[in-house]
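Asker: Dropping the structure in here first, questions after.
The values are calculated or read from the model by the stated rules, or taken from the named source; none is laboratory data. Values in this document were obtained by computation on a predicted structure and should not be read as measured data. Virtual Cβ from ideal backbone geometry, glycine too; neighbours counted across all protein chains shown.
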Amino acid sequence: MLTSWFWSGETIRSRRVGDVVLSGTVDIPAPPARLLADWQREIASNIVLEPGDVEQMPLARARMRWPDYPRCVQAVSGWTAALGLPDVLARSDVALMACRGARYHHDGAQYGGAAFCNLFVSEDVGLDVHFAATGHRIPLTRGTVMIFDTGQPHGVIRRGSSGFDASHFVTGQDWSQIFLTWELPIEAPSIARALGVAFDVAASTATAARPDDEQVWLDGVEVSVCPQSGRWLPAA
């Protein structure tokens, strides 16, 4: 049993980590050259994106240079509606992110009350999102969209590789990927149902006391993720 402890208002609540990964491809235009150049400057000068890093980018500035931003949002909204998840983006926070590959990690210690919906807007450079526990492996192309439980370990790795290796990202090629991410409320019935999430599951499985903050447990024990393989490890 993989369990996420998450904040529900002012209460820590338990839930099953959903093992469903929803993915597809939507038709979105390439970002304009001016915006791509701005992103390259931001990555090189301000956030200094190292292999394996995932960092936030300035969304408000990007939207000023991105006339097709509403079209991107509309494309994802249409995709989620077709999955039986209408209007989920309208009530969810959105951020612009960048990665140069990504070490395996889970986000349940910070976003246990959410699912992520990601739209990748960069071109295909030969990278996949790999969910180590479920086996899902999704090629990243412009328009790749996915929804997944934040408690699932995932990484961005070279296509054809079996894990994350920082040396795969130090060649002269630009491996950076830009994506929009929405935080979808995991307690929304439609989202929980779509991802296979059940709530208040810890009473019959936990062998330790209720935690004081958000955590992910495997069979009643807090766990972390091996950054190279995505395997579960005992928490430090």
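Asker: State whether one or more residues within region 137-145 are among the hydroxyl-bearing types (Ser, Thr, Tyr), in a loop (DSSP other than H, G, I, E, B), in contact with a Phe, Trp or Tyr (Cβ under 9 Å, 6 or more places away or on another chain) and under 18 Å from residue 178 (Cα atoms).
Answerer: yes
Asker: Still on this structure: For region 140-174, how many residues are closer than 23 Å to residue 85 by Cβ and either modelled with pLDDT under 95 or out of contact with any Gly (no Cβ under 6 Å at 6 or more places or on another chain) (or both)?
Answerer: Final tally of qualifying residues: 10.
Asker: Residue by residue through region 86-105, note down the ones that are surrounded by 18 or more Cβ atoms within 10 Å (Cβ to Cβ) and out of contact with any Phe, Trp or Tyr (no Cβ under 9 Å at 6 or more places or on another chain).
Answerer: Result: 105, single match.
Asker: Scan (1) touching an Asp or Glu at 6+ places or on another chain (Cβ under 7 Å); (2) over 29 Å from residue 225 (Cα atoms) for the single condition residue 111 breaks and write down its number.
Answerer: (2) is the only condition that residue 111 fails.
Asker: Of all residues in region 41-54, which are surrounded by fewer than 16 Cβ atoms within 10 Å (Cβ to Cβ), in contact (Cβ under 8 Å) with a residue 24 or more places away in the chain and closer than 19 Å to residue 167 by Cα?
Answerer: 50
Asker: Oh, and also: Is it the case, given these coordinates, that residue 133 is in a loop (DSSP other than H, G, I, E, B), crowded, with 16+ Cβ neighbours inside 10 Å and touching a residue at least 24 places away in the same chain (Cβ under 8 Å)?
Answerer: yes
Asker: Oh, and also: Can you tell me which residue within region 2-28, out of those that are surrounded by fewer than 14 Cβ atoms within 10 Å (Cβ to Cβ) and not polar (S, T, N, Q), is farthest from residue 85 (Cα to Cα)?
Answerer: Ranking the candidates gives 10 first.
Asker: Now for a separate question. Which one of the conditions (1) touching a helix residue (DSSP H, G or I) at 6+ places or on another chain (Cβ under 9 Å); (2) closer than 28 Å to residue 66 by Cα does residue 84 fail to meet, given that it meets all the rest?
Answerer: Checking residue 84 against (1) touching a helix residue (DSSP H, G or I) at 6+ places or on another chain (Cβ under 9 Å); (2) closer than 28 Å to residue 66 by Cα, the one that fails is (2).
Asker: Would you be able to tell me the number of residues in region 144-175 that are crowded, with 22+ Cβ neighbours inside 10 Å, in contact with a helix residue (DSSP H, G or I) (Cβ under 8 Å, 6 or more places away or on another chain) and more than 22 Å from residue 7 (Cβ to Cβ)?
Answerer: Matching residues across region 144-175 total 2.
Asker: Are any residues in region 39-67 under 20 Å from the mean Cα position of the chain (by Cα), assigned to a loop (DSSP other than H, G, I, E, B) and over 19 Å from residue 172 (Cα atoms), and if so, which ones?
Answerer: 58
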